[in-house]
Amino acid sequence: MWHIYLRDTPLEVVALRGVDMEVYKGEAVGIIGHTGAGKSTLVQHLNGLLRPHKGKVIIDGVDLSQEGVDIRAIRQKVGLVSQYPERQLFKDYVADDIAFGPQQFGLPPEEVRERVKWAMEMVGLDFERFKDRYTFSLSGGEMRRAAIAGVLALRPKILILDESTSGLDPRGRSDLLRRIKELHEKEGLTIIFVSPNMEDMAELVDRIYILADGQVVMSGTPREIFSQPEELYRLGLGIPQVTEVMHALRARGKNVRVDVLTVVEAEAEVCKLLNC
Amino acid sequence: MSGEPLIKVENVHFLYNAESSNPIPALKGINLEIQKGEYLVIIGHNGSGKTTLAKHFNALLLPTKGDVWVKGMNTKDRSLVRDIRQTVGMVFQIPDNQIVATIVEEDVAFGPENLGVPPDEIRRRVDWALEVVGMLSYRNRAPHLLSAGQKQRVAIAGVMAMKPECIVLDESTAYLDPVGRKEVLDVVKKLNKEEGITVIAITHFMNEAVDADRVVVMEQGHIVLEGPPREVFSQVETLRALQLDIPQVTQLAYNLHKRLNDFPKDILTVEEMVEQICNATAG
């Protein structure tokens, strides 16, 4: 799939060139790349915000480029949380903002209320405490969660999070990641998670696509990807610290596994070496 | 480092909405001295008071109780605000909100122009500032076409062109990707080590504190930990309870130390960890 901004003008930029990607039902897939690699451009095709100039985008069997595609149905199925989602908030009161989507879809009031309650619970905003708060009086982290709840209230099957942990503090970040994991594991949502942070990816996703200059340059499971540190360094990306440690030990002749992603795994491997 | 501290924070309390019926206490008795040439990192969660404290360093906020002295000047003295802000410059989180001109070098010149600095001195300062942050070759570019890390470096150059003695970076890497973050941190380190600028960096990324001279950890308006990075990082239990991001290698060191008493627990980098493991396996 290709996408070209400002085509045939002097400012033309080929944002995506020949990108192939597959996401299976119930999977959690990560997209990593630098600023300008094409990540946001790519995910904006997944709910029809952008159309490809060449190639196809097929969501749940529906080819988005066909005539008469029900784009509203697609937008209900595919929830996209953009970067700095708090910028999407516009209603005075939190519950009203979250209710906006379901209301636009013509759902009855009782159903809307249920959806809002569920969505708020999913993001950790207590319904009674937050429903009547002014949206703009919330903290940054709370606003972000309210915006995500607004997308969840449509009960999408596929949830795309575009750099949703950017600007959050560690507590906020680990809380959000935990909730995304829950949505994936307990509610069975298919998740597409865009982030520059390698350590987040290791925890969360089944497979990773790495984008650079509008192309997919690497793809595979986290273990496969992180087993190629030189490639990743060349691309200007890092690997989890513990994985780096393992590779360095291997380079020094120590007999250790290098496909280690977490502190717990590293501890086990190092203890084998140190007999503890 | 001897002599008068560059910045002295004396029993500072700060309340948001102090006049209202619902004041919010943000700082609850902070005492801190910052020495000239120091590289200090202040860590804490959103809500810990770290940004509120940062804004006291150049009189953006004034204490509700207590005093802040910058080079012996009390920040409450309105007649000294210009001199205080000349001494302590501040860089904020969002690069786009700090850039005002349409050409990089004009943006950097903005500060000195407003100070009434003569034109050839402005030229010298702009060139020097851009050189120091590694953006001299971008001097004629339009800022909005730069990456976030590049924009943040231009913002730093803009502050440096004012020739402050100290720069305060308020979560200046929060919205940057890893590459941008490294660019900014390298520049900041260089400013401190090579130009002798006092640096106060506010952040929630613990791995940015590795190169600091001193780390201060804040929680709910108090300073809860203070000391050189090694000392602070080795307090893993406390840091964990505060839900701060401990670098993976420090967590690993702590866990290994629990199993092997002579394995050091104050490891900060990958290189150190690899060395220690190799030492432990030899012999």
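Count of segment A:266-276 residues, restricted to those that are in contact (Cβ under 8 Å) with a residue 12 or more places away in the chain and buried (at least 18 other Cβ atoms within 10 Å of the Cβ), is 3. Screening B:240, B:214 for residues that are under 22 Å from residue B:174 (Cα atoms), of a type in the set (Lys, Arg) and over 13 Å from the mean Cα position of the chain (by Cα) leaves exactly one candidate, B:240.
Between B:70, B:12, which is crowded, with 20+ Cβ neighbours inside 10 Å and within 27 Å of residue B:239 (Cα to Cα)? The unique qualifying residue is B:12. Among the residues making up segment A:39-69, those that are more than 14 Å from residue A:192 (Cα to Cα) and among the charged types (D, E, K, R) are A:51, A:54, A:56, A:60, A:63, A:67. Annotation note: of B:30, B:84, B:42, the sole residue that is surrounded by 15 or more Cβ atoms within 10 Å (Cβ to Cβ) and in a helix (DSSP H, G or I) is B:84. Residues in segment A:14-28 that are exposed (fewer than 15 other Cβ atoms within 10 Å of the Cβ) and not acidic (Asp, Glu) were compared, and the one that is farthest from the chain's Cα centre (by Cα) is A:18. In segment A:154-177, the qualifying residues are those that are within 8 Å of another protein chain (Cβ to nearest Cβ) and of a type in the set (S, T, N, Q), and the one that is surrounded by the most Cβ atoms within 10 Å (Cβ to Cβ) is A:166.
Note on segment A:245-261: residues that are more than 17 Å from residue B:256 (Cα to Cα), within 9 Å of another protein chain (Cβ to nearest Cβ) and surrounded by 15 or more Cβ atoms within 10 Å (Cβ to Cβ) amount to 2. The lone criterion from (1) modelled with pLDDT of 90 or more; (2) touching a strand residue (DSSP E or B) at 6+ places or on another chain (Cβ under 7 Å); (3) buried (at least 21 other Cβ atoms within 10 Å of the Cβ); (4) more than 14 Å from chain B (Cβ to nearest Cβ) left unmet by residue A:31 is number (4).
Within segment B:218-241, the set of residues being within 30 Å of residue A:268 (Cβ to Cβ) and buried (at least 22 other Cβ atoms within 10 Å of the Cβ) comprises B:232, B:233, B:239. For residue B:175, the conditions (1) facing chain A (nearest Cβ under 9 Å); (2) assigned to a helix (DSSP H, G or I); (3) crowded, with 18+ Cβ neighbours inside 10 Å; (4) touching a Ser or Thr at 6+ places or on another chain (Cβ under 9 Å) all hold with the exception of (2).
The values are calculated or read from the model by the stated rules, or taken from the named source; none is laboratory data. Remember, it's a predicted structure, so these values are computed and weren't measured experimentally. Neighbour counts run over all protein chains shown; Cβ positions are idealised from the backbone, glycine included.
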